[in-house]
Amino acid sequence: MSGIVELTKVTKDYPLGKLSVRAIDAVSISIGKGEFTAIAGPSGSGKTTILNMIGCMDVPTTGTVSIDGTITNNLYDHALTELRLNRIGFIFQSFNLINVLDAYQNIEFPLLLQGTLSGKARKARVNEMLEKVGLTKQSGQRPNELSGGQRQRVAIARALVTNPAIVLADEPTANLDSTTGTAIVELMRDLNKNEGITFIFSTHDPKVMDRATRLVMVADGRVVE
Amino acid sequence: MGVLFLIAIRNLVQARRRTALLSGAIGLVTALLVLLLAMSQGIADNLVRSATTLSAGHVVVAGFYKPSPSQAIPLVTDAAKVRKVLEESTPDLDFIIARGRGWGKFVGPGGTVQSGFGGVTIADEPRFVSTLQLAMQSEYKDGGKEEILGDASRIAEPGAAILFVNQAKRLEVDVGEAITFVTETNDGRTNTIDLTVVAIARDMGMLSSWAVLGNMDSLRTVYKLNDDTTGAFWVYLKDIDRADEVMNSLRVSLAQAGFQLMDHQGDPFFFKFEEVGGEDWTGQKLDLTIWRDEVSFLVRILDVFNVVSVFVASVLLVIVAIGIINTMFNIVRERTREIGTMRAIGIHRRRVLMLFLIEATMLGLFATTVGALVGAAGALGIDAAEIPAPIEAMKMILLADTIPMAVDPVTLALVVVVLTAVTALAALWPAALAARLRPIVALGHTA
Ligand SMILES: Nc1ncnc2c1ncn2[C@@H]1O[C@H](COP(=O)(O)OP(=O)(O)OP(=O)(O)O)[C@@H](O)[C@H]1O
Ligand SMILES: [Mg+2]
């Protein structure tokens, strides 16, 4: 157990009526700090389910999930929420910004939830993130006034603002045209290289997979490396 | 968490039409409730004013004198001694007046009126003249002049009588004209006395149909009373709200001074004849009441009005609450993915609950404040416009000829607080649902 993420024989069953669906089956993955990992596979293969396990959004049916040394299996909602807030950053396929908040406020939001930084430090941190994703000028704009690529940059800044141990991205480029998508992956890769942030993302796109330092292939709920 | 307020406000502003509709409904109910309460307060104010002018002091020290077990005369004997106790031991005393109590038939050129006859000792009552509002001749006489005839201070003259408009109309008398008071005296004989109308006052609700005011000496003459008697002492306090407390303390003082007391009973004295007449004691007993007891039948009407008002407002409130619940469920459904996102980022359930409660509370606060102000403005407008009561029977209930409205800031604030709380409460269920959503389910939701 040395990786920042350790999945050991993780199985997840979802109830479906009287039956249940096995979304992933005995998945074991170890991901080290600073890796830039792509999870790839066909639709329905279990990519989102794996990311949900890693992201403490759900707990496995059997097997263990360990995130930055914490085993999540027996944790309740409160503890899982704390883990997500402090250790994990999320980037979504459809950006998922809070549409009544502007770019600055969206990025600031997780810091406000944490409530640890002073107002001044918070402001400095948000501005630093805006600069890193190249949106200093757009800080006062609301999501509906931003392009898709800009929205995903805001989302990246929001995911990184708390200095999480891992950043998860479920198909971050799927809703973007290929040029913009490439730029987003490049941005993530830069942040990974320059700041050592661990990224785990799922994708269908071979060009995106190419950028990964590590590729986990899944099919039918199993890892097929 | 200022950001939760920001999110709530911006969402309310963004859903402009929905917010407007919902706050319109909440505001309407608030305004209606404020109007009903203002009317209730207006009636209550009138009730206090007319009761404490025509029927009672804040505390009433009266009683019955029974020369034989079967007779009950509403009289206080040993009046000077009673008054001395009252003057010495009434807490919060403002002033004391003595009122003679008579009952009989007033006969005028146009008809007769059954009424009480209040015996006034003007020397006792410095404020008497100012509490009565005299009517213009046109108010009680067809083709009368727009001019006040008569003078309330002439009540001091022997044989003087002051009528109210309703009585003057029925008797068809004017100021300066004569009427006759016919009554049964304490020994069971009929006696009469001629009176001169010295002033005609504006009605003060239904109580003024049973009150003719006259000189105490006229009462003494017609009932053959000695100088050391009176009908009742009306004790006025600096603070009417202390009436109950003062009555109880006076009971103790009077008992210590050796007076016999009747048990307290919350009814006007004229309801008590039968019972007192059936008791087998003789001599004098004092009976202490407060103003509310002397007009208990009107207080009951007001209570009914209040119950009906609260019922109507509650029904409307329930309907609006259902609307709020429904709307909040819609809001939660529309924002499910946003809730999922926030939960993924790391917001706790309790804060999701708060977010929606804040939203509902702000909506409620805004809507009820506007509604309360509109209602208050409407109430003040109606009061100022002196809109006449549309039906005669309403005048009795309203205790006034026009619709009375009184706006009390504390009541307004209370209405705002209570209705805002109701709004928040209505949002509790949808907000709890939002808080309970599992993050992956909420995220997967496509609105
Ligand atoms: N909540 C759920 N209830 C029932 N079945 C589920 C649930 N979530 C996922 N599944 C099932 O689990 C399997 C894996 O789903 P998952 O969403 O992880 O796949 P994916 O690789 O992310 O697919 P895609 O590329 O389409 O996003 C699928 O068969 C899916 O139908
Ligand atoms: Mg998926």
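Here, each number is a calculation from the coordinates, and none is a lab measurement. Computed from a prediction, not measured in an experiment: that's the story for all the values here. Virtual Cβ from ideal backbone geometry, glycine too; neighbours counted across all protein chains shown.
Quick look at the values:
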item	result
Shielding by other protein chains, A:83-94, mean Cβ within 10 Å	3
Spacing of the two label points (7 Å from each Cα toward its C-beta) at residue A:145 and residue A:75, in nm	3.7
Rounded if a/c under 1.5, otherwise prolate or oblate - the stretch A:46-182, Cα gyration tensor axes	oblate
Estimated translational D of the stretch A:100-140 in µm²/s (Stokes, Kirkwood radius over Cα pairs; 4 °C; 1.567 mPa s)	127
Placed amide H near residue B:284: partners under 5 Å, 5+ positions off or other chain	B:66
Percent of beta bridges antiparallel (DSSP, the protein assembly as shown, rounded to nearest 5)	65
Those trypsin sites (Lys or Arg not before Pro) in the stretch A:95-127 that DSSP places in a loop and that have at most 15 other beta carbons within 10 Å	none
The stretch B:357-447: GluC sites (Glu not before Pro) in DSSP loop, at most 13 other beta carbons within 10 Å	B:386
Sparse-neighbourhood loop sites, GluC sites (Glu not before Pro) in the stretch B:222-307 - DSSP loop, at most 14 other Cβ within 10 angstrom	B:279
Of all DSSP beta bridges in the stretch A:13-167, antiparallel share, percent nearest 5	75
Residue-averaged beta-carbon neighbours from other chains (10 angstrom radius) around B:336-344	5
For the stretch B:39-135: Kirkwood Rh in Å [reciprocal of mean 1/r, alpha carbons]	16.1
Summed residue charge, Cβ within 13 Å of residue B:132's Cβ, Lys/Arg positive, Asp/Glu negative	+1
Straight-distance crosslink candidates among aspartates and glutamates, where the alpha carbon sits under 19 Å from residue B:84 and sequence neighbours closer than 8 are dropped	B:92, B:94, B:124, B:125, B:227, B:228, B:287
Computed lengthening from residue B:279 to residue B:350, 0.36 nm per intervening residue step minus Cα-Cα distance	18.8 nm
Sum of -39500 (n - 2.57) over DSSP H runs of 4+, divided by residues of chain A (222 nm, nearest 500)	-11000 deg cm²/dmol
Fewest-first ranking of A:22, B:16, A:158, using other Cβ atoms within 10 Å as the exposure measure	B:16, A:22, A:158
Lysines with Cα under 18 Å of residue B:141, excluding same-chain neighbours fewer than 8 positions away	B:169
Cα principal axis extents for the stretch B:308-399, largest first, Å	67, 23, 19
Under 16 Å from residue A:193, Cα to Cα: lysines that are on another chain or at least 8 residues apart	A:33, A:132
Mean ellipticity per residue at 222 nm, deg cm²/dmol - from DSSP H runs of n ≥ 4 across chain B, formula -39500 (n - 2.57)	-17000 deg cm²/dmol
Three semi-axes of the equivalent ellipsoid, the protein assembly as shown, Cα gyration tensor, whole Å, largest first	86, 25, 20
Taking B:236, B:223 and counting other C-beta atoms within 10 Å, the order from fewest to most	B:236, B:223
For B:180, B:77, order by how many other beta-carbon atoms lie within 10 Å, fewest first	B:180, B:77
